[in-house]
Amino acid sequence: MAKLKGLCDLEKDEILVGEGFWNFVASDNIYNELLDVFQEVGEELRDEVDKKFAEFRMRR
């Protein structure tokens, strides 16, 4: 349970997610920068991602 210290508040039955989680993991205010990186990578890989989704749709 010591590994979870800071990630959850068991008395309130809450855990960190989203912005709170990533800022905790990075020990910094990193969330918005992380979103920017995901956006940039998503734009660069858009064609490949679309191709993979098309392959999944064809299997059904």
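The values are calculated or read from the model by the stated rules, or taken from the named source; none is laboratory data. Computed from a predicted structure; not experimentally measured. We place every Cβ from the backbone using ideal geometry, glycine too, and count neighbours over all the protein chains shown.
Quick check on my filter: what residues within the stretch 11-35 are loosely packed, with under 10 Cβ neighbours inside 10 Å and not in a loop (DSSP other than H, G, I, E, B)? Across the stretch 11-35, the qualifying residue is only GLY18. Taking the criterion of being touching a helix residue (DSSP H, G or I) at 6+ places or on another chain (Cβ under 6 Å) and at pLDDT 85 or above, the residues of the stretch 13-29 that qualify are GLU19, TRP22, ASN23, ASN29.
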